[in-house]
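In what follows, a single structure is set out as structure tokens and then discussed.
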Amino acid sequence: ERYKIDFLVYIKALLCSVAADIISTVEFNSTGELLATGDKGGRVVVFQREQESKNQPHRRGEYNVYSTFQSHEPEFDYLKSLEIEEKINKIRWLPQQNAAYFLLSTNDKTVKLWKISERDKRPEGYNLKDEDGRIRDPTTITALQVPVLRPMDLMVEATPRRVFSNAHTYHINSISVNSDYETFMSTDDLRINLWNLEITNRSFNIVDIKPVNMEELTEVITAAEFHPHQCNTFVYSSSKGSIRLCDMRASALCDNHSKFFEEPEDPSNRSFFSEIISSISDVKFSHSGRYLMTRDYLTVKVWDLNMESKPLETYQVHDYLRSKLCSLYENDCIFDKFECVWNGSDSVIMTGSYNNFFRMFDRNTKRDVTLEASRENSKPRAILKPRKVCVGGKRRKDEISVDSLDFSKKILHTAWHPSENIIAVAATNNLYIFQDKVN
Amino acid sequence: MAGADSDDSLYPIAVLIDELRNEDVQLRLNSIKKLSTIALALGVERTRTELLPFLTDTIYDEDEVLLALAEQLGNFTMLVGGPEYVHCLLPPLESLATVEETVVRDKAVESLRKISHEHSPVDLEVHFEPLVKRLASGDWFTSRTSACGLFSVCYPRVSSTVKAEIRQHFRTLCSDDTPMVRRAAASKLGEFAKVLELEYVKSDIISLFTALASDEQDSVRLLAVEAGVSIATLLPQEDLEALVMPTLRQAAEDKSWRVRYMVADKFSDLQKAVGPEITKNDLVPAFQNLLKDCEAEVRAAAANKVKEFCENLPEDSRETIIMTHILPCVKELVSDTNQHVKSALASVIMGLSTILGKDNTIEHLLPLFLAQLKDECPEVRLNIISNLDCVNEVIGIRQLSQSLLPAIVELAEDAKWRVRLAIIEYMPLLAGQLGVEFFDEKLNSLCMAWLVDHVYAIREAATCNLMKLVEKFGAEWAQNTIVPKVLGMANDPNYLHRMTTLFCINALSEVCGQEITTKHMLPVVFKMSNDQVANVRFNVAKSLQKIGPVLDSNCLQTEVKPVLEKLASDQDMDVKYFAQEAITIVFCSE
């Protein structure tokens, strides 16, 4: 079923949650029942979707906090005299294997595997003390008592299961779980490593673009992801605007790509900023595995895996900023790393912008919309109004001028429920969850 | 036992039971490890009705506790009342078989397999088989992967209807949605095939094998290779060609290097399973291809198998096959671009000489050995040197010694201390094969140079090496060649070198015997007790303690004791400590 265009307009807020710190990543699990966010302070907050209840059918879909835990702590590398930030760069969920949930979280250097599980029973009955903890006189013990498990209030626990460390010299920008459910990769600026989920003391380097002489460095890896179904295929994007697709079957070290996606540069558009704005900040396979989506500073592009020469579709995210690149360079905004996401059926794509705006593009109808995530606009069940930015001098009612955009309010991280029209949008330290208007 | 009035023997058990839920993991682990003691105290009835239900729900614990629990339950049959009640152990093991930690699950499966043999045929169908079915159709893949390992233990002992169900369940798991379950099924396919009737091997197993071997996931296909080897051993020779070989041939040419690697890794088993005819016709060309594979990992795995493959070739055509098909590939590998390939080859290539005999070795293999001895990668040279004994038997080491020496010298002076360490370890072997003359002339100075290496691990290995050399060449040789040099170092201005003298004495005194020790070494040790460096002095104390057993009691009393007593009143704390310790051990132990 195709998504109606209505969805792009009529969406309502489900939740606005204020995090303690700036949110740095947002990710739904494979069923969409859980949503995890990571923040600059190294915390992970997991939200769980309210189960359907007969009494309050309208409450279905609301997300409540399920578990909060400190995933990473600030560290200091004494050998290199470097501080290692606790900020969570990425979260990836593992396929569910038993009643517990598992996720991988990473900061700049260390990937951790967390288990989130429920406990609803606790043991009761001691031999040597009573339930209040008072020690009994050992001579009064005449019979042995085996503890019994009794129901208790539900408790959600997060426990660290594995720590994958000491494999990255540079900063980790991506992690991705393979469809074999056995391995995952971690990517830093110059290298990609492959890990087995059960083995923490060994990883294999599969891509290494570090030149012998660092002065010859012209390009860094900005993101990488495994193909959703083909266990042997992965892509990585670069700061030069290209994407390489590698086949792990061909050789153990994937320095030679099997496909190379790049759009030829338009010489008429060339400027001082060309290279900076063509740097790819995120790359995502479509759920079908047929397409790739990349985000650079001004556009989102969709590529067909079978066509390397140019993108299939190019969408302008905020073309009106083209004239403001100079000031965006001066305030460093030009280096912001925007992410992009697909909806469940790969027909709509979403990515963030400034002024708490985020953009959606319908690939079938070619319609697009700009929406704003803000506290005032998202009272419970209020319907979001499309926003417009005007470029010229004449500003119509409801339009906002380019010059009054707030560049400190940026939406870098968003997530889309794997099968339903529910989206999560992180605007600095606010998390918004929106859902399409059902009836 | 339980219920006796204020029984003292209850107290330790009560502690154990309480500690089953202690906050400290170590205490919980201790309790779990003594679970049999608890069960014994409770008696079979209470173990069944109280302890086991409690344990069934204790799956929230740390992995190591769960692992210990899974292991304990495998030996619990007598504690629940014997084979009649063994099925009571199924619930806790079932819940352990679904946890996410692979080692725990595997241990639970192992225990389940163990206790399956203790079930009567009736209990197996009433209790065990339903458990296998429950696991096999569980919601989570963890339980389904565990089920894969249980089919083979119950299949031989159930009725034919149940057998048909089990086969069906296994089939279903082979085409499970998740790669984890298909991997588990693929890894148990060979084992399951072994307990099936031949007709079902041909009908069921072959089709499952074919399907798994062409799975979309590399990790499943590579496990099917191993299953293929097991299946091949079960089938009569005439069926192999039609049923197994097409799939195995396909695996040897798989697009994914990991699958080809697996074929190379299992090549010797495969060779044994398919027999000489297929080996000659199919495996020889396949092996040649693997040796020439474009992926270095595959070439290295194949290179590792060269010797074994050649050894297992049918005798009538062995030499021809090696000379015409294998050796040309081996020659290419000697100059491979990848050092892991070369070093894998170097670790086995010497073994070919026994298979090919003296003349072929001199004509064809020797040039390869010499080339590898000059390889730029130290590991390759080391692997050649470490396997010299095989060549020694066939052509004598003299043929090689001209090239050997420069190779050894270069390794001995390698900038990486781990390389130096590795070559030291081969010195006793080399010395034995090259003979004392050659050694004295060429290698002795190297061995002495290592004693003053700037890396402690090298100096330590060098002292140990001296001891082994003396074991080989005898005390007299030691007295003439080694001991004077070692003792000479006692006057070295560097205190680390002076300490090396002491370490050498520690290592050599026993092999050199009482006379040399007393006459030559002891005076030097005594002299060093006046060293200005405290580290040297307390090592004198340690040395005296060490060589004490070699000396006679008169010498101990009149000479050693005064020195140790003097050290015991040294102004340095450590010297005092070690001197006192030496006095206690040497003089008070009897």
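The values are calculated or read from the model by the stated rules, or taken from the named source; none is laboratory data. The structure displayed is predicted, hence computed values, not measured ones. When we count neighbours, we look across all protein chains shown, and the Cβ atoms used for this are built from the backbone with ideal geometry, even at glycine.
Mind listing whichever residues of the stretch B:208-248 are of a type in the set (K, R) and touching a Gly at 6+ places or on another chain (Cβ under 9 Å)? Across the stretch B:208-248, there are no qualifying residues. Does the stretch A:332-353 include one or more residues that are crowded, with 20+ Cβ neighbours inside 10 Å, closer than 22 Å to A:R270 by Cα, out of contact with any strand residue (DSSP E or B) (no Cβ under 8 Å at 6 or more places or on another chain) and in contact (Cβ under 8 Å) with a residue 40 or more places away in the chain? Within the stretch A:332-353 (the criterion being crowded, with 20+ Cβ neighbours inside 10 Å, closer than 22 Å to A:R270 by Cα, out of contact with any strand residue (DSSP E or B) (no Cβ under 8 Å at 6 or more places or on another chain) and in contact (Cβ under 8 Å) with a residue 40 or more places away in the chain), the answer is no, since none of the residues qualifies. Residue selection: B:L16 fails the criterion of being under 29 Å from A:F102 (Cβ atoms), at pLDDT below 95 and of a type in the set (A, V, I, L, M, F, W, C).
When every residue of the stretch A:223-231 is checked against the conditions, none turns out to be surrounded by 15 or more Cβ atoms within 10 Å (Cβ to Cβ), more than 12 Å from every other protein chain (Cβ to nearest Cβ) and free of Cβ contacts under 8 Å to residues at least 24 places away in the same chain.
Being in contact with a helix residue (DSSP H, G or I) (Cβ under 8 Å, 6 or more places away or on another chain), more than 27 Å from A:I116 (Cα to Cα), among the small types (G, A, S) and more than 9 Å from chain A (Cβ to nearest Cβ), is that true of even one residue in the stretch B:35-42? Looking for residues that are in contact with a helix residue (DSSP H, G or I) (Cβ under 8 Å, 6 or more places away or on another chain), more than 27 Å from A:I116 (Cα to Cα), among the small types (G, A, S) and more than 9 Å from chain A (Cβ to nearest Cβ), one finds at least one in the stretch B:35-42, hence yes. The helices (runs of 4 or more DSSP H) located wholly in the stretch B:331-374 that include 1 or more residues which are of a type outside the set (D, E) and more than 23 Å from B:R398 (Cβ to Cβ) occupy B:339-349. The listed residues are B:L131, B:L135, B:L52, and the only one of them that is in contact (Cβ under 8 Å) with a residue 40 or more places away in the chain and within 30 Å of A:P160 (Cβ to Cβ) turns out to be B:L135.
The residue that is surrounded by the fewest Cβ atoms within 10 Å (Cβ to Cβ), counting only those in the stretch B:133-191 that are within 14 Å of chain A (Cβ to nearest Cβ) and touching a Phe, Trp or Tyr at 6+ places or on another chain (Cβ under 7 Å), is B:T178. Being in a helix (DSSP H, G or I), more than 10 Å from chain A (Cβ to nearest Cβ) and over 21 Å from B:D24 (Cβ atoms) is the filter here; which residues of the stretch B:51-84 pass it? Residues satisfying the conditions are B:L73, B:T77, B:M78, B:L79, B:V80, B:P83, B:E84. Of all residues in the stretch B:85-98, how many are assigned to a loop (DSSP other than H, G, I, E, B) and either over 18 Å from B:S146 (Cα atoms) or within 28 Å of the chain's Cα centre (by Cα) (or both)? Of the residues in the stretch B:85-98, 1 are assigned to a loop (DSSP other than H, G, I, E, B) and either over 18 Å from B:S146 (Cα atoms) or within 28 Å of the chain's Cα centre (by Cα) (or both). Residues that are assigned to a strand (DSSP E or B), acidic (D, E) and either more than 22 Å from A:N306 (Cβ to Cβ) or within 14 Å of chain B (Cβ to nearest Cβ) (or both) do occur in the stretch A:199-217. All conditions but one from (1) of a type outside the set (A, V, I, L, M, F, W, C); (2) farther than 19 Å from A:H227 by Cβ; (3) in contact with a helix residue (DSSP H, G or I) (Cβ under 9 Å, 6 or more places away or on another chain) apply to A:S251; the one that does not is (2). Out of the residues in the stretch B:93-132 that are more than 14 Å from every other protein chain (Cβ to nearest Cβ) and of a type in the set (D, E, K, R), state the one that is nearest to B:L173 (Cα to Cα). This residue is B:E129.
Do the conditions hold for A:V212, that is, is it touching a residue at least 12 places away in the same chain (Cβ under 8 Å) and not hydroxyl-bearing (S, T, Y)? So A:V212 does not fit the description; no.
Would you check if B:R21 is within 11 Å of chain A (Cβ to nearest Cβ), more than 30 Å from B:A136 (Cα to Cα) and of a type outside the set (F, W, Y)? Considered against the rule, which asks whether it is within 11 Å of chain A (Cβ to nearest Cβ), more than 30 Å from B:A136 (Cα to Cα) and of a type outside the set (F, W, Y), B:R21 comes out as yes. Residue pairs whose Cβ atoms lie under 7 Å apart, sitting 6 or more positions apart in sequence or on different chains, and linking a residue in the stretch A:243-271 that is part of a strand (DSSP E or B) to a partner that is of a type in the set (D, E), are A:K259/A:E308; A:F260/A:E308; A:F261/A:E308. Pairs meeting the criteria (first residue in the stretch A:113-127 and farther than 18 Å from A:L34 by Cβ, second residue among the charged types (D, E, K, R) and part of a strand (DSSP E or B), beta carbons under 6 Å, at least 6 apart or on different chains) are A:E124/A:R150. Scanning the stretch B:96-128 for residues that are surrounded by fewer than 19 Cβ atoms within 10 Å (Cβ to Cβ), among the polar types (S, T, N, Q) and within 22 Å of B:F141 (Cα to Cα) yields a single hit, B:T102. Where strands (runs of 3 or more DSSP E) fall wholly inside the stretch A:54-162, the ranges with 1 or more residues that are surrounded by 11 or more Cβ atoms within 10 Å (Cβ to Cβ) and over 27 Å from the mean Cα position of the chain (by Cα) are A:111-124.
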